Structure formats: structure tokens, C-alpha cells
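Peer 1: Quick one: the structure is below, and I'll ask about it shortly.
No lab work stands behind these numbers, since they all come straight from the coordinates. Computed from a predicted model, the values in this text were never measured in an experiment. Here the Cβ is made from the backbone with ideal geometry for all residues, glycine too, and neighbour counts use every protein chain on show.
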Amino acid sequence: MKAAEMRTGRVFVLRLETGEHLKEKVEEFAAAQHIASATLTAVGGVQAGSRLVSGPQLPVGGRIDPIIYTVDAPSELAGTGTVFSDEQGKPVMHMHGSIGRNGRSVTGCFRQDIVAWLVLEVVITELVGNGPVRRFDPAVGGQVMQVE
């Protein structure tokens, strides 16, 4: 295990509206505010057609192939995550949570395709200090947090 000590900085509250993409908006906002590291909480609605990763295909081999779940109707979302900058200093969001409707839910990773429906609220708590960096991992096919 590796660890980095950080402290809290600024706190922001965002309201995403219908049609806005969660990951895109959080990363744009973090870049505009010069947020390199943060924790995130999100609650609200997502549109039909939103997609999340709900686990790896089995068996798990060298490359991890994701199972993609597509939301079939407007649904509720609750999630928590982080933002850490990549090696070029670009903030990269990583968030997991659940999306549910009518007593059924799916839990997974919110990547590119979570689209707000009505209102999606996000609280960003900045972390200040020498923190982790996201680096590309070919096995995962994406940016992975590294603590040095």
C-alpha cells in the first residue's frame, strides 16, 4: 500500500442539467478552477441511454474487457469518486455508484456516458498537497491512480 497525505481545500457545488455529461462537466470545471485533486459526490437523475461499466467480462485475462450496462429509462443516481490529474496535468474523474429505477439498481463505474436528466448535483471537495497522479494502464484500458 502507498499513501499520500492531503488536506481539504475549496468546496464547490455543481448543478448539471438535462443533456450534460457528468464526466465531461466535472473535468472541465476542475480544469477551469485549477483543481488537481478532489473527492466527489453525485446525486440526481440520469437519462435513458446513459451507460456504465458493471464489471469485467469473465474469465479475466491479460486485458480487462468491461461489461457495459445501458440505462433503459430515466433513473436515479448516487455516486462517489475522485479527481486526480494525469501526467500532463489534466484532471481525470473516476466515479462509482448505483443507478436505479423502480426498485432495481445496477452498480458500476461512471465513465463517458452518464447523461444528466432534470438535475444531477455534484459536490467537489478539493484536496490540496502532493497527491496521486493518473497514468494510463494498458491492461485496464484507462487512467489508473498511482501514489508515488
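Peer 1: Highest mean first, what order results for 55-66, 83-94 on Cβ atoms within 10 Å?
Peer 2: 83-94, 55-66
Peer 1: Using Cα pairs under 8 angstrom and six or more residues apart, how large is the relative contact order of the stretch 1-72, in percent?
Peer 2: 22 percent
Peer 1: In addition: For the peptides 41-50, 18-27, 100-109, what is the packing order when you average, over each peptide's residues, the other Cβ atoms within 10 Å and list the highest mean first?
Peer 2: 41-50, 18-27, 100-109
Peer 1: Here's a follow-up. Which one, (i) 22, 20, 16; (ii) 28, 16, 14; (iii) 25, 21, 12, gives semi-axes √(5λ) of the Cα gyration tensor in Å as derived from the coordinates shown?
Peer 2: Here the calculated entry is (iii).
Peer 1: Express the relative contact order of the stretch 85-148 as a whole percentage, based on alpha carbon pairs under 8 Å and six or more residues apart in sequence.
Peer 2: 29 percent
Peer 1: Set the Förster radius R0 to 30 Å, insert the Cβ-Cβ distance between M1 and R63 as r into 1/(1 + (r/R0)^6), and round the FRET efficiency to 0.05.
Peer 2: 0.75
Peer 1: May I pose another question? Please compute the modelled spin-label separation between V147 and V13, points set 7 Å along Cα→Cβ, answer in nm with one decimal.
Peer 2: About 3.1 nm, to one decimal.
Peer 1: Now for a separate question. Only Lys, Arg, Asp and Glu count, each charged at its Cβ (+1, +1, -1, -1), so figure out the dipole size of the stretch 7-146 about its Cα centre, rounded to 20 debye.
Peer 2: Value, rounded to 20: 220 debye.
Peer 1: Okay, next question. Which value in nm describes the separation of the simple spin-label points at S54 and T107, placed 7 Å from the Cα toward the beta carbon?
Peer 2: Computed distance between label sites S54 and T107 equals 1.3 nm.
Peer 1: With each run of n ≥ 4 DSSP H residues scored as -39500 (n - 2.57), what mean residue ellipticity at 222 nm is computed for the chain after dividing by its residue count and rounding to the nearest 500 deg cm²/dmol?
Peer 2: -2000 deg cm²/dmol
Peer 1: Just need the relative contact order of the stretch 7-146 here, percent rounded to a whole number, with Cα pairs under 8 Å and 6+ apart. Please list the in-between numbers first.
Peer 2: Details: 348 pairs, mean separation 52.3, N = 140.
The value is 37 percent.
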